[in-house]
1. Taking the Cα atoms only, what angle lies between the long axis of helix B:327-345 and the longest principal axis of chain B, rounded to 10 degrees?
2. Label-to-label distances across copies for residue B:253, with labels 7 Å out along Cα→Cβ, in nm, shortest first?
3. Mind ordering D:198-205, C:99-106, D:214-221, B:183-190 by average Cβ neighbours within 10 Å, highest first?
4. Taking each residue in C:218-231, count the Cβ atoms of any other chain within 10 Å of its Cβ, then average. What number comes out?
5. For residue A:158 and residue A:74 in one chain, what is 0.36 nm times their gap in residues minus the Cα-Cα distance, to one decimal in nm?
6. To the nearest 500 deg cm²/dmol, what mean residue ellipticity at 222 nm is calculated for chain C from DSSP H runs of n ≥ 4 alone, each contributing -39,500 (n - 2.57), summed and divided by the residues?
7. Once the piece of chain linking residue B:200 and residue B:301 is laid out straight, how much longer is it, given 0.36 nm per residue of separation minus the C-alpha distance between them?
8. What distance in nm separates the two pseudo spin-label positions at residue C:352 and residue D:54, each 7 Å out from Cα along the beta-carbon direction?
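Each reported figure results from applying straightforward, stated rules to the coordinates on display, with no laboratory input. Everything quoted here is computed from the prediction, not taken from an experiment. Reconstructed Cβ throughout: ideal geometry from the backbone, glycine too, with neighbour counts over all protein chains shown.
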């Protein structure tokens, strides 16, 4: 499957690839690793050079699909390979700091799955290490490359929503238990999307949660964020629902946007504010009417976000341009997660985020 | 339009009405009053005897529709009419205690629009007054008569959901500004529905909110409630959205229910938990699959909740049976509102509800 | 319930009613009659003067609701009442010609439920009788007053669709068996809507059908109409489906409109043609994309069509202006039904409509 | 990308592949060819041996993606390769007979894109050739491998629908103009699905159509089919709509199924017949209620149909078992297309299908 990057394969589109493809090592072949592998193989800018995976069964599963790419159990062996340009880290959050700092120290560009790290201290350390070594450090906030999210951002940037008043978000996964809890697992999606859409720091966080099966390991949580401008956001996350929910509502002074990632070709719906609505004259009119203006459902490109994310990673390495999912955004996301976990330990008390901290490297 | 209750009208169905209809006075002809008037006229157990309304324009609007029913500007005149059995109060929340206590003291049964009163002290006073005088006091929690809400309650009662884990609720109205704020205006719906569905008291409340147009008068608020069994509920309410949202998700150990009051004939959707879901093999399968089991969309009767509420009010007066929307539920709803407003004044700190208080009269 | 038109009632809005209300007799209190009665009572321009109904149970059901309006079993008695201005005929189609011609001959304006009559000969006779007597004859094509239908007509009239290419329509009812068959029962809706939307005559009709329970009494039928400009329309109708379907798709050179009468507040959806769509690169993109441009879901007023229809009837009687649902449109609808039934008897052969016939009175 | 079938690749799952993979040549790399190529590469039972494509640009596009598989402009060269087991034909319908018969004569198993051929004579010839040579001939009716279609078939087979009364189908594509017209392009999907679901021959066909841009090359067509048991089906197809429509409704005596291929995870909806529905009491209840029983939305597997089709092709070659999309079904589909085109030339007159013909090879 790597044949595309074979010398005979590249000759057909020389103009598209002025450089030889970046040689990539993927670390971890668990839930997300196979998606990284598939997309690395398909992207012309990248070449899969190695997999790092200690588990034999996973290594065998990989080799069944990609027999001509070497698998190493030992990270050092991978990092010692000077032909490797960059490392993609798809291991559990607890391990991100150790692996990413080793890779950065070895001079590799690094893309780390979300969250960038487990603590602000760890994340700050990674950001500094990357800056000091002139390397790209990119957190894998895949939703920042999702076409509907970018359609929403475009609507906000073009002033279509007016002033943003508040945001609600629900994210419920069919996913498996993670030892780091539901906030660390799911909230990075909502937080990174909100930081990207609103383009301003979070100033206060409060959280409540319920742990049903294991103490201090919540499966459902509710977060409330306050942003610098006063925008408030409420986030509902859980692992327990039998239906995937990924819905965000952004209400502005001019329009409201509903973004439902599970709604196929109608994932973004824009509600005009319309005119004042009269009280309905009877029960029939009441039931028939739930909005005050037109709805527009813009056409959104159908493209796989992870492929666009890897394209941006390659572009950032080649050109030095800051990637859309940049390290500072990853750090701020970690800071919000940390604050939410602090609030949780204090029975839901609001936790302020230090402005100095959250925009340290900005 | 009151002709139906005219003597010549009643002779056609004597068996349905063993008693002469209850004579009803409606107080207030603003947003909700016309709905009460229309339904009182249509219900065979009731007869519209008078309207109490001080505003001349509203009185004229009423008389245009119902010319042969007297309008009085003065409440005392209405309460002095011994032929009047019951009073429906559809005035602003601040006035509920004064009007309802006057009516109860005059020996009238009383239905008060939600919330029952502005404070626990006021609500407790009304409950005691009704008990002492042997009169029906009923808060107008209309959603307790909504067919979809009752379908959800039936599913919970029959064990279809298993153990309830958590609830999320979003309620966004196209409604007008109310001087008492969005929590007092909208949250009574969610709270009363949850008290009815879960049938257990709330033990803790926290709230955050944003006031955009007028200080200390929030237009958007987020509430988190904890119930006695540990069930947690997150409620998002606002006046600012240009689309009416009325969605509640109840996740249990066996099934999940999605109740969307704006979804016409598909307002209740039940999601089976199904089997464990495998990781999708590619982006296409990923996009295609958002659930793990079957969905059932039960047929729900199409009936106007307010009409059923008035029927229950009449039945309670006639038979002494406690109405579904009973005074204690109204009092608990007020206690949760009060706790949410306290939490709000303390920057979102959680507020515990005294068990003695919330089940005082139970 | 007629109190609104009582002298004391009218004084509150004299400017709205320069004339005393038109006195109306309703003939037939079966499936549709109660809706006519309710709306006559609610419309300020009309006053319910009498019901004509031979069935005792139905008469009693009416009197229970409207005790102070007389019921007559005999049509002649009603027609002899000189205070009655107009007659609404809600009896089976077979009886339309006899009742309507008697009423017109007695000098009454007439609104007849659809279809206007069972044959072109009958319908032509009624049209001539009305013209000769200077009376309003209006077929009750209620959908011509439906807000979504009028939104579609507005889109066509304003050129938003461009040239109309073709129309598809599905109409499935939960309704009861009618002795005249499903074409006579349901197709008048589709045909009258199409005549109204396209504003041109039908030139050819073919039909096929299936009779499952009774020979020659089809429960499901498919009609294909060709209009003068070449527009072609396919209509699917049935009584057998357990779900009400009322969907029409109008495809034009610029846009396409989907009109789904069961879709509550999203009954009209406008699809932009958009740009040429590239072949999707993989199964995921294929599944995600089903359209080439934006969708607009215009807000549509929530109003009861039958109330607007009665308003138009009153206006036509008062002003002489041709009503939207006019006699010629009713005649053309009958002509198409007749042609479809002819095609059916000839195993689906296409039947041409004589231009002279279909626009005779135009 | 063919590395998976390389010796070193196979050693990881020897039990899954008792035979070496079948060596496949794909003929044609236009709209559909790339999908075949991608799926051949991904299926373990198959190995892509060659592409046959005369167009240089398409050949280059292929080589860019699959550089190590040879491309030949000449069919004979491909057919002369004795290591090639089977040929997949993805060229225009006019060429199917010539290419498929050459391939069968050369001893290759053949999968031909739909329709199998342009005429019954051609299709019959191919069927006989395959039978005489003991080779698998399979038309590419991909929808027969679609999980929702198979869920519908399962419902019918298990008697859940009861007796099938009728079927309606709408299929509108965003597709490009095809020289063979919309019936030849789109109707094979509906016809093959219906033959598969109902498992009985078509006895009569009538068709009407409209050609807007080129004479005698319709872009929109309506077909009515009668099946042996009396089931009737109406099919609406077009190239002109800006929204992909793929909806089929199957109404039976017990239940109705709505199959919407664009509805992501809710593509199959089953409507219970439920109880008799009362006339709604008012406009509100009328609008709220569009069905008489519960709806069940069964979970359907998310799998790419084309991959399953190729798996079935391989299994048929290996085991001799008749594939689900078998040659006789392909022949019957061609017969219905031919009859529809005949009806069209005779202004929509119904055309009977000879029973001997349609089940000739059964």
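1. 60
2. Residue B:253 label point versus its equivalents elsewhere: 4.4, 5.1, 6.6 nm.
3. B:183-190, C:99-106, D:198-205, D:214-221
4. Values: counts 1, 3, 7, 3, 11, 2, 9, 1, 3, 0, 0, 0, 3, 1.
Average per residue, whole number: 3.
5. Computed gain between residue A:158 and residue A:74 is 25.4 nm.
6. Details: 12 runs with 127 residues, N = 362.
Dividing the helical sum by the residues of chain C leaves -10500 deg cm²/dmol.
7. On the way: separation 101, 0.36 × 101 = 36.36 nm, distance 2.66 nm.
Answer, rounded to one decimal: 33.7 nm.
8. Here the modelled spin labels are 4.5 nm apart.
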